[in-house]
């Protein structure tokens, strides 16, 4: 089985990314040898079966849940295993600063990666195929948006085959992060958060920072700051009441942290949004 969709040049040149061609192959004879590469990025996601990608170290076997990405102009050599051909969904795409988005450490080499969340990637690729079947010029923004969403999911749910595996921990850490956000106004210690995830404190702290980008304590503080912003803008509670409501034991610490992270005092933040909302600019509260 081979399906292809080829898109015309977009009428707008400012898209962050745009699909040039894409499709799906399940074919024991599928293989490409392009010494000079192509002008676009070439992304393949493998959903079943297996195949091989040639690297400087030799042929690397790739299976379901793995994929590869070539940059424009890179020599390409890959092929399906004839006895168990891969079911691969591929996209040739134009993109601005894709190396930064995907955090590619060696952009001059083919990127081999593993990914999780098959259903999400399959659904997004199918959306591209549907847009290809019914293509009209008004679909341009949607094509770009769906492709960007797929690349963003790849950023969140993939890792280099050469790296340390974090994929098995991502669902646990992200569900724990959601728990922290929902309960951020309650007393939460690092031990409490680690217990929710089912990890030791040391391991949880390391995994959380690796996956979420910040330590759990900073994430908790950010969540509390967001809750405080909403209360400052939506209520007439005093700053002291809001500090207590959002999980801060002392209002002086809350004010100091708010000024450090937001760049203004809670009162200044409240006045900014009160004046902008029309009709509440005369509301005055104290900082304590």
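The values are calculated or read from the model by the stated rules, or taken from the named source; none is laboratory data. Owing to the predicted nature of the structure, the values given are computational and were not obtained by experimental measurement. Cβ sites come from the backbone with ideal geometry, for glycine too, and all protein chains shown count toward neighbours.
Which residue, of 102, 128, is modelled with pLDDT of 95 or more and under 20 Å from the mean Cα position of the chain (by Cα)?
Values: 102 fails: modelled with pLDDT of 95 or more.
The match here is 128.
Can you tell me which residue among 270, 156, 218 is surrounded by 13 or more Cβ atoms within 10 Å (Cβ to Cβ) and in the same structural domain as residue 52 (by TED's automatic domain parsing)? Break it down stepwise before answering.
Working: 270 fails: in the same structural domain as residue 52 (by TED's automatic domain parsing); 218 fails: in the same structural domain as residue 52 (by TED's automatic domain parsing).
So the residue among 270, 156, 218 that is surrounded by 13 or more Cβ atoms within 10 Å (Cβ to Cβ) and in the same structural domain as residue 52 (by TED's automatic domain parsing) is 156.
Among the listed residues 231, 175, identify the single one that is free of Cβ contacts under 8 Å to residues at least 24 places away in the same chain, touching a helix residue (DSSP H, G or I) at 6+ places or on another chain (Cβ under 9 Å) and crowded, with 16+ Cβ neighbours inside 10 Å. Can you show your working first?
Numbers: 175 fails: crowded, with 16+ Cβ neighbours inside 10 Å.
One residue alone meets the criteria, 231.
Here's the yes/no breakdown for (1) under 28 Å from residue 10 (Cβ atoms); (2) touching a helix residue (DSSP H, G or I) at 6+ places or on another chain (Cβ under 8 Å); (3) in contact (Cβ under 8 Å) with a residue 12 or more places away in the chain:
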{"position": "72", "(1), (2), (3)": "yes, no, yes"}
{"position": "81", "(1), (2), (3)": "no, no, yes"}
{"position": "85", "(1), (2), (3)": "no, no, yes"}
{"position": "91", "(1), (2), (3)": "yes, yes, yes"}
{"position": "96", "(1), (2), (3)": "yes, no, yes"}
{"position": "102", "(1), (2), (3)": "yes, yes, yes"}
{"position": "106", "(1), (2), (3)": "no, no, no"}
{"position": "112", "(1), (2), (3)": "no, no, yes"}
{"position": "118", "(1), (2), (3)": "no, no, yes"}
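So how many residues does the range 113-123 have that are surrounded by fewer than 19 Cβ atoms within 10 Å (Cβ to Cβ) and on the phi < 0 side of the Ramachandran plot? Before you say what the answer is, go through the steps one by one.
Our first condition is that a residue be surrounded by fewer than 19 Cβ atoms within 10 Å (Cβ to Cβ); within the range 113-123, this holds for 116-120, 122-123.
Subset that is on the phi < 0 side of the Ramachandran plot: 116, 118-120, 122-123.
Residues that pass the stated criteria total 6.
Look through 213, 247 and report the one residue that is under 18 Å from the mean Cα position of the chain (by Cα), at positive phi and either crowded, with 19+ Cβ neighbours inside 10 Å or without any contact (Cβ under 8 Å) to a residue 12 or more places away in the chain (or both).
Values: 247 fails: under 18 Å from the mean Cα position of the chain (by Cα).
Going through 213, 247 in turn, the sole match is 213.
Go through the range 178-196 and report how many residues are buried (at least 16 other Cβ atoms within 10 Å of the Cβ) and in contact (Cβ under 8 Å) with a residue 24 or more places away in the chain.
Of the residues in the range 178-196, 6 are buried (at least 16 other Cβ atoms within 10 Å of the Cβ) and in contact (Cβ under 8 Å) with a residue 24 or more places away in the chain.
Residue 67 - would you say it is within 24 Å of residue 159 (Cα to Cα) and surrounded by fewer than 16 Cβ atoms within 10 Å (Cβ to Cβ)?
Details: within 24 Å of residue 159 (Cα to Cα): yes; surrounded by fewer than 16 Cβ atoms within 10 Å (Cβ to Cβ): no.
In short, no.
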